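Asks: Below you'll find the structure I mean.
Every number here is computed from the coordinates shown, using simple stated rules; none is lab data. Computed from a prediction, not measured in an experiment: that's the story for all the values here. Here the Cβ is made from the backbone with ideal geometry for all residues, glycine too, and neighbour counts use every protein chain on show.
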Amino acid sequence: MIETRLSNEPRKPARPKHRVRVLRVRIKNKHAEALDEMARAVNLCWNYCNELSLKILEREQRFVKASELQRYMAGASKEGLPVGSAVFQQVAEEFVTRRAQHRKRRLAWRVSRGSRRSLGWIPFKARSLTYRAGQIQFQGQMLGIWDSWGMGEVELGAGCISQDARGRWYLNVTVKLPALPAKPPTLSAPVGIDLGLKDLAALSDGRKIEAQRFYRDLEPALATAQRAGKRARVRAIHAKIANRRKDFLHQFSSQLVREHGCIVVGDVNAQALAQGPHAKSVLDAGWSTLRTMLKYKSDDAAVWFLETSESHTTRTCSHCGERTGPSGVEGLAVRRWACAHCGWAHDRDVNAARNILKRGLLQLEQQFSSALEAKACERAVNEAGAKASAGAGHGPLAAGIPRL
Ligand SMILES: [Zn+2]
């Protein structure tokens, strides 16, 4: 069977048997030393993969495979290192994945000591952890954790142990949770969202969510700490900013999914904007994180989630459809305007959110009708015996693995 997937296809609420999620729990501080030691062994192994991979590339003009790296490291676990093959194998796999992702001949070295030290990272394969009474058994160590999830209840998959900028250690592990009871998808209370900088979001129902200035609010404190050379304080403030932002986005996205049966977001390109003059505000707003959260929470709750083109959503009057709104650089300052054609008074961002919602609903409608055509087309192709490769999706698994 081939998979017919159109480029702008809305995400249909999925109802799989289970959901894969990443749990993140804090590991008690008393294990920091043991974990530091394991992380050094991981760095050693990573750098070994890096060096070997480059050598083989130069000598044989080919990229070494993960299975080969794993064979080379087969004896390493007997060398008295604090981690064993379950970790080494995962490091080799991650190395090969990242090398392909970044299309590099060689990746960055992992540094174990000094001021440019890499944050600790210890990946592991599925079934290399066991949970027992509030503790995790891992590589011969019993690690105490602050278990707020009830980890004894779920099957623990692959993941990693990672360190944050403050030196705290966390266990990130994938788990399979039972699917939520199926509920028929409805289009009740559909909402359009215009993502912005001054306001994080304007909703089509007129509400506005003020941008939380996570960064700017703490900027003076950060600058003071930087000038004074207090590195620990700088790290603590950065972690605080990240936590605050994430908490807020979690609350906001959960509320949206609870209140609406269909959510449409503009496809604003955060990556492109993050290189422009508003870079700090763009990163501050956390659009990408918000969209990711909305996507998976919508899937869980059987809510429709769509991304749609943002072009001309500001200029177009959401009441009559004429392009009478503000445009160009001068137009950026205009917050309120009245349509010259129909006279309707608009708030700039709420009007954009309304246009986004309209477009999303139209897209959904077209999708429903083209789904029938696509089905017929798919049948014809399959009957002709043609082979086509299905597009590879990426599941939520990748979300929990931190970037190096
Ligand atoms: Zn109008």
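Asks: Around Gln251, under 12 Å between beta carbons, what's the net of Lys plus Arg minus Asp minus Glu among the other residues?
Replies: Counting the neighbours of Gln251, the net charge comes to +4.
Asks: Next up: Pop out the ³J(HN,Hα) list for the stretch 161-171 in order, Karplus 6.51 cos²θ - 1.76 cosθ + 1.60 with θ = phi - 60°, rounded to Hz; leave Gly and Pro as x.
Replies: 9, 9, 10, 9, 4, 8, x, 7, 9, 10, 9
Asks: Net charge near Met142, counting Lys/Arg +1 and Asp/Glu -1 over other residues with Cβ under 12 Å of its Cβ?
Replies: Computed value for this residue: +3.
Asks: Still on this structure, please answer the following. Rounded, prolate or oblate: which fits the stretch 22-178, taking a ≥ b ≥ c as square roots of the Cα gyration tensor eigenvalues, rounded meaning a/c under 1.5, else prolate when a/b beats b/c?
Replies: It comes out prolate by the Cα gyration axes.
Asks: Sticking with this one: Run the dipole for the stretch 22-178 about the Cα centre, Lys and Arg Cβ at +1, Asp and Glu Cβ at -1, nothing else charged, and hand back the magnitude in debye, nearest 20.
Replies: In debye, rounded to 20, the stretch 22-178 gives about 540.
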